[in-house]
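Colleague: Questions regarding the structure given below will be posed in turn.
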């Protein structure tokens, strides 16, 4: 299991690095949004290019940050029962959710979105807008995001198995979001 824990730490490191890239994508998206609004309303200048690149960065942030959010245990969950369970019960629920829902869903969606990306890449599909961008970079974010989620899901499984074996301590504390 030591090798699996080492692999888990490597996945966590990759996820953290990509999560930081996703935060830069969000900063870029917000900056472009601000500058585009300034140019449009301040100088009556506009371009579809800037709108589309803003959407590309936002999509990249959303898809690439999902694995990082899972790593931080901050993802959305149904917490009717989870918050009332003891730590070991939470570990079992997390493992069951990962095996039964997260991994199969990500595998299916990753496969379907990879086909979408690949077709757009092969035919050099572009946006229908004037000065539109190629679509494949935006579409690549879907299978890439799902692949990262699969890797992080595997990492979380490894950590939870080890926590159940009492070889590592894992914080399963979850705060219900303020409504």
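Colleague: Order by neighbour count: 116, 63, fewest other Cβ atoms within 10 Å first, most last.
Modeller: Details: 116 16, 63 22.
Starting with the residue having the fewest Cβ neighbours, the order is 116, 63.
Colleague: The stretch 1-70: Rg/Rh from Cα coordinates, Kirkwood Rh?
Modeller: Reported Rg/Rh (Cα atoms, Kirkwood Rh): 1.26.
Colleague: How far is the Cα center of the stretch 106-179 from the Cα center of the stretch 43-69, in Å?
Modeller: First find each Cα centre; the distance between them is then 17 Å.
Colleague: Still on this structure: If you wrap a convex hull around the alpha carbons of the stretch 38-108, what volume per residue comes out, as a whole number of Å³?
Modeller: It is 135 Å³ per residue.
Colleague: Rg(Cα) of the chain divided by 2.2 N^0.38 Å?
Modeller: Cα-based Rg divided by the globular estimate yields 1.25.
Colleague: What number, in percent, do you get for the relative contact order of the stretch 2-164 if the mean sequence gap of Cα pairs under 8 Å and at least 6 apart is divided by its residue count? Please list the in-between numbers first.
Modeller: Numbers: 166 pairs, mean separation 55.6, N = 163.
Relative CO of the stretch 2-164 lands at 34 percent.
Colleague: So, one more: Tilt of helix 48-71 relative to the longest C-alpha principal axis of the chain, in degrees (0 to 90, nearest 10)?
Modeller: 0
Colleague: Turning to a different aspect of this structure: Can you give me the angle between helix 87-97 and the longest principal axis of the chain, using Cα atoms only, in degrees from 0 to 90, rounded to the nearest 10?
Modeller: Roughly 50 degrees between the two axes.
Colleague: One quarter of the convex hull surface, Cα atoms only: what value does that give for the stretch 94-156 in nm²?
Modeller: 4.6
Colleague: For the chain, with a Gaussian network of springs between Cα atoms less than 10 Å apart, report the residue from 24, 109, 38 with the top mean-square fluctuation.
Modeller: For the chain, modelled as a Gaussian network with Cα springs under 10 Å, the answer is 38.
A short reminder: the numbers here are calculations on the coordinates, not readings from a lab. These figures come from a predicted structure and were not determined experimentally. Cβ sites come from the backbone with ideal geometry, for glycine too, and all protein chains shown count toward neighbours.
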